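Following: one structure in C-alpha cells, then a few remarks.
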Amino acid sequence: MRILGLSGSLRHGSYNTSLLRTARELLLEPVELELYDALKEIPPYDEDDDREPAPAPVQRFRDAIRAADAVLVATPEYNSSVPGQLKNAIDWASRPLATNPLRNRPVAVVGASTSVFGAVWAQAELRKVLAATGARVLPDELAVGRARERFDADGRLLDAELRARLAEVVYALVDESMPPGAARAETTTGASRASARAA
C-alpha cells in the first residue's frame, strides 16, 4: 500500500515536511509513504491552460495521486488559511471534477505551525476544499503547535504523545484505504505497534 505525502510548505527544513517524514518512520511494511517534492513546479491555475495535455508538472502531480492508495497532507497556516501553493495544486488536481484523481481517494490532513494552535484553521479550510473535490476526507486531526519546540535540529518529532497520535491518524488512513471486507485487525495491530515505536 502506498501513501502520498504532500507538504504544503516549500521551505527547506519545513516542520510539516518533517511531520510527514515522521509518519513515514512510523509506518510498518508493507505500507510505504512517498514524499511529493515538486509542489513548487506547478504553475498558477489558469483555465486557458486547463486542457489536454496538461502542463507537465500538473500531469506529474495528478499521476502521483492516482498511483497512491491514499494521501496524507501536512499543512502550515498562512494568514489563518491554506498556503497558496497548496491550494493551487489542489485546484489543478480537482479538474475535471467528475474524474479527478482525488475523487473517492482517502485523504487525511495534519499540520504544524509555530503558533500555539498548530494550523487548525488551515486544516479546517483544507478539509473543506478536499471534500469539494470528492475526496474521502478523514475526520482524524493532529495539530502540532509551537513547532520550534516540538522538533529537534534533525527534524525529528520529539513529543511521544504527538508521535502516537500521528500513528493513529496514519493507520486510520490505512484502514480507510483497504478494500471493502478486508481484515482490518492487521492494521489495528500495526497502529498499536507503531504507537509503541512512537513512544
Would it be correct to say that residue 79 is closer than 20 Å to residue 127 by Cβ, of a type outside the set (Ser, Thr, Tyr) and free of Cβ contacts under 8 Å to residues at least 12 places away in the same chain? yes
Residues satisfying the stated conditions in the stretch 38-86, i.e. of a type outside the set (A, V, I, L, M, F, W, C), out of contact with any strand residue (DSSP E or B) (no Cβ under 8 Å at 6 or more places or on another chain) and closer than 16 Å to residue 6 by Cα: 40, 41, 57, 59, 60, 62, 63, 66, 85
Anything in the stretch 118-158 that is of a type in the set (Phe, Trp, Tyr) and either surrounded by fewer than 16 Cβ atoms within 10 Å (Cβ to Cβ) or more than 24 Å from residue 92 (Cα to Cα) (or both)? List them, or say none. 151
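Yes or no, residue by residue, for (1) within 23 Å of residue 64 (Cα to Cα); (2) in contact with a strand residue (DSSP E or B) (Cβ under 9 Å, 6 or more places away or on another chain); (3) in contact (Cβ under 8 Å) with a residue 24 or more places away in the chain:
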position: 96; (1), (2), (3): yes, no, no
position: 105; (1), (2), (3): yes, yes, yes
position: 121; (1), (2), (3): no, yes, yes
position: 144; (1), (2), (3): no, yes, yes
Name the one entry in 10, 35 that is in contact with a Gly (Cβ under 6 Å, 6 or more places away or on another chain) and outside any helix (DSSP H, G or I). 35
The condition from (1) surrounded by 12 or more Cβ atoms within 10 Å (Cβ to Cβ); (2) touching a residue at least 24 places away in the same chain (Cβ under 8 Å); (3) not aromatic (Phe, Trp, Tyr) that residue 49 misses is numbered (2)
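A short reminder: the numbers here are calculations on the coordinates, not readings from a lab. Bear in mind the structure is a predicted one, so any value in this text is a computation, not a measurement. Neighbour counts run over all protein chains shown; Cβ positions are idealised from the backbone, glycine included.
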